[in-house]
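Here the structure comes first, spelled out in structure tokens, and everything after it is commentary.
The values are calculated or read from the model by the stated rules, or taken from the named source; none is laboratory data. Source: prediction; values computed, not measured. Positions of Cβ are backbone-derived with ideal geometry, glycine not excepted, and every protein chain shown enters the neighbour counts. When the accessible area is computed, the model is the full protein with side chains, heavy atoms only, and any ligands, DNA or RNA have been set aside. Shrake-Rupley method; radii C 1.70, N 1.55, O 1.52, S 1.80 Å.
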Amino acid sequence: MAATPRFILVCGPDDFIVGRMGKALWEQLNEGITDDFGREIVNGAAGNVSEVQNAIDRFCSAVQTMPMFGDRKVVWFKDVTFLGDSITGRAEGTATALVELQKTLANVNPLQVGVLITACPVDRRKTAFKWFNEHGDVRLAGESGKKDDTGAAVMALISEEARALGVTITPDAAAFLAGRINGNSRLAVEEMNKLATYMGDEKKPISEALVTAMVPTFGEGDFFESAEAFFSGRLDWALDAMKRHFFAGHDARPLLTNLQNRNRLLLQLRVLIDAGEIGSSINQQSLDKAARTYAHHFAGDVEKSSLNVFSQNPWYLGRLAQSARLHTLKKLISYEADFLRAFTELIERPKEPEEVMREMTIRCLG
């Protein structure tokens, strides 16, 4: 690849993080451009092959048309959606159009035209992506650009935003915030701004307690705080979280399902910890090593599920491993029995869901 790349491609699993990095690079490319005709943004969103061809035609025209005044131009092919593993992305017409795009990019003179492409999602297995990687400057927005690394990408975004705002946040508080907002990158930025404003000139780092007090739980399916509180082993926090859960009008059964799903993973993690297969931290390498020994017990099923610990993200498992170490294997098995009892009682006492869940929590943690 030349010292000055013909183009920059920013891609990753989260469109907000990709767009955020793209915007920063766009501002850099615009430095020294005083002519408005020297800047052009082309929308790359496409829902079918016809729209793909139209977007690429407009982009190629923009790259090849120089401004009347000035000797340099910058073009942003923004929000490209046809490089992923989708029906449109796999279409033969899209592949043909991509060849045209590659020919145009191969002839770009970077001293005359600065080209920025932002795309989400991107299938990194495709030949087209490999071509981009060989001929341009590809930048992954997030940890590695893989879909399952969204949690790590949001964690990195939280840390980046904290630095930009001049505050610090503890690693546990950052992980707790990422979970509480269901890994939503936009909310990560908004909530960090809110927390930083609250901190003011305070020099202490943002703590888990402050996140609990200031940040509401987002998303119907996760109920992060209740599960986090339960498996912390702290009865007072768990009961308070349950109270907030029902005060917000949420149902008992999705919460119970969430507790069961997490407990299944903790059971598997506890077995791996006791067997010495994983240590104080979990990364992809240690998880792959354990999988080579035990993955055959899952009959080759790689579908993401709480029933298969090896289908999970290593970052998420590392977070759960902290909880797994707080509970013995026997205790985790007893929780399964208590969850089953609570499920039966919810059927028998349909008008008392909060009481049933409180009683279950006290039985488990009291």
Under 6 Å by Cβ, and 6 or more places apart or on different chains, what pairs join a residue from the range 224-243 that is under 15 Å from Asn263 (Cα atoms) and outside any helix (DSSP H, G or I) with one that is of a type in the set (A, V, I, L, M, F, W, C) and open to solvent by 10 Å² or more (accessible area, probe 1.4 Å)? Gly233/Leu326
Within the range 322-357, the residues that are within 15 Å of Leu259 (Cβ to Cβ), open to solvent by less than 90 Å² (accessible area, probe 1.4 Å), free of Cβ contacts under 8 Å to residues at least 24 places away in the same chain and of a type in the set (D, E, K, R) are Lys331, Glu345
Of all residues in the range 166-187, count the ones that are within 17 Å of Ile17 (Cβ to Cβ) and either of a type in the set (Lys, Arg) or modelled with pLDDT of 90 or more (or both). 1
Could you tell me whether any residue of the range 264-282 is touching a residue at least 60 places away in the same chain (Cβ under 8 Å) and of a type in the set (A, V, I, L, M, F, W, C)? yes
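In the range 1-36, how many are without any contact (Cβ under 8 Å) to a residue 24 or more places away in the chain and small (Gly, Ala, Ser)?
Selection size over the range 1-36: 2.
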Consider Pro121 carefully, then state whether it is open to solvent by less than 30 Å² (accessible area, probe 1.4 Å), part of a loop (DSSP other than H, G, I, E, B) and either at pLDDT 90 or above or under 28 Å from Pro13 (Cβ atoms) (or both). no
Give all pairs with beta carbons closer than 9 Å in which a residue from the range 111-140 that is touching a residue at least 40 places away in the same chain (Cβ under 8 Å) and more than 15 Å from Phe77 (Cβ to Cβ) meets a residue that is hydroxyl-bearing (Ser, Thr, Tyr) and surrounded by fewer than 18 Cβ atoms within 10 Å (Cβ to Cβ); count only pairs at least 6 apart in sequence or on separate chains. Leu111/Thr4; Pro121/Ser86; Asp123/Ser86
Reported set for the range 40-52 where residues are open to solvent by less than 80 Å² (accessible area, probe 1.4 Å) and at pLDDT 90 or above is Glu40, Val42, Gly44, Ala45, Ala46, Asn48, Val49, Val52
Enumeration of residues in the range 53-82 that are modelled with pLDDT under 95, within 21 Å of Gly12 (Cβ to Cβ) and in contact with a helix residue (DSSP H, G or I) (Cβ under 6 Å, 6 or more places away or on another chain): Phe82
With respect to Asp14, determine if the residue is open to solvent by less than 50 Å² (accessible area, probe 1.4 Å), at pLDDT below 90 and acidic (Asp, Glu). yes
Just one of Ser306, Ser281, Ser311 is at pLDDT below 85, open to solvent by 70 Å² or more (accessible area, probe 1.4 Å), of a type in the set (Ser, Thr, Tyr) and out of contact with any Phe, Trp or Tyr (no Cβ under 6 Å at 6 or more places or on another chain); which is it? Ser281
Being under 16 Å from Phe7 (Cα atoms), in a loop (DSSP other than H, G, I, E, B) and of a type in the set (Val, Ile, Thr) is true for just one of Val108, Val138, Val75. Which residue is that? Val108
Only one of these is over 25 Å from Gln284 (Cα atoms) and polar (S, T, N, Q): Asn184, Asn193. Name it. Asn193
Could you check the range 17-38 and list, in sequence order, the residues that are assigned to a helix (DSSP H, G or I), of a type outside the set (D, E, K, R) and either under 12 Å from Arg72 (Cβ atoms) or open to solvent by 90 Å² or more (accessible area, probe 1.4 Å) (or both)? Gln28, Leu29, Phe37, Gly38
